[in-house]
Amino acid sequence: MTPHFDPHADFDAPVHAFSCRCPFHARRLFTGALVAGAALPVLGQTADGLREDVGKESRFTKLVPAEQVEAAAEQQYRQMVQQAAQQKALGPADHPQVVRLRTIAQRIIPFSQTWNQRAKQWRWEVNLFGSKQLNAFCMPGGKIAFFYGILSELQLTDDEVATIMGHEVAHALREHARERMGKTAATRIGAGLLSSILGLGSAGDTLLNMGGQLLTLRFSREDESEADIVGMELAARAGYDPAAGVTLWQKMMKASQGAPPEFLSTHPAGETRIRDIQSRLPRVQPIYANAPKPDRKFGPPAPK
């Protein structure tokens, strides 16, 4: 293991939690590789999958320009990467778990465009942060982060990593952060100024200030359930077993003993997610069965 990366660093950036309580220049080379991968033929995408289970785009997303949200995400993600690098908490490109995450991402990303056409313009990026947190996220514009703790503590299989990554990517594709910000804008600015939002003007300052919320946004139960659905299909089309969502949430439940009951949380309870996954497996397993499978397999990091 490289001495320049501390996987158990005390890096504590505020991020969206997936859990129930739910060198720098190398980045550009990797970004280019992901863009190239996204141009590959999308194989196995013949069934309708779970699209009918997902609602239409929220009208609140129209209140906030996508370009602004993605620019704010880029800025915050870059600050996070730089901070981690300074603390020796940024996984280098040759770290086995970074290679693992980026390999899985390259298989998932080509299927993102059918859910959001903007995804073809995104500068996708995946980084590993040294921290004990059981967290992962994907910011608008395709900025993916995994924390070492979720890989190490839960001893995740590749299929389980793909389930988490698909879920987090789904938040970005369905523009849940943009929707949350749009709802906040509607509340703060008021209906009388909504026309000004689209033309920006003074309302643009309010939206820019709201960009600082991206790392602390909490998604609703509906958002989380939708991300589970879309993520499940993304993983299956990428050649990863969607049934891994069951074992993943069993691990999550064990690791988060004492979490608040479902009605007190913005996240659906683990039991609910497992039932929802199991109910949709019959429609997703055929997609997985027909999808090309990964030619490389990885293992979790050694337990601390």
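Bear in mind these aren't lab numbers, they're just calculated from the coordinates by the rules spelled out. Because the structure is predicted, anything quoted here is derived from the model rather than measured. Cβ placement follows ideal geometry from the backbone for every residue including glycine, while neighbour counts extend to all protein chains displayed.
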Once you put a point 7 Å from the Cα of A302 and another 7 Å from the Cα of S256, both along the Cβ direction, what distance in nm separates them?
3.0 nm
Label model pair V99, R221: point-to-point distance (7 angstrom along the Cα→beta-carbon line) in nm is 4.4 nm
Would you list T163, T157 from fewest to most Cβ contacts within 10 Å?
T157, T163
Provide H4, H167, H95 in ascending order of the number of other Cβ atoms located within 10 Å of each residue's Cβ, fewest first.
H4, H95, H167
Modelling each spin label as a point 7 Å along the Cα-to-Cβ direction, I'd like the K88/D10 distance in nm, to one decimal.
1.5 nm
Full extension between S279 and R78 adds, at 0.36 nm per residue less the Cα distance, a length in nm of 68.5 nm
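Ranked by Cβ crowding within 10 angstrom, fewest neighbours first, how are L281, L248, L128 ordered?
Numbers: L281 17, L248 25, L128 28.
Final ranking by Cβ density, sparse to dense: L281, L248, L128.
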Could you tell me the calculated FRET efficiency between A289 and A66, based on Cβ-Cβ distance and R0 = 25 angstrom, to the nearest 0.05?
0.10
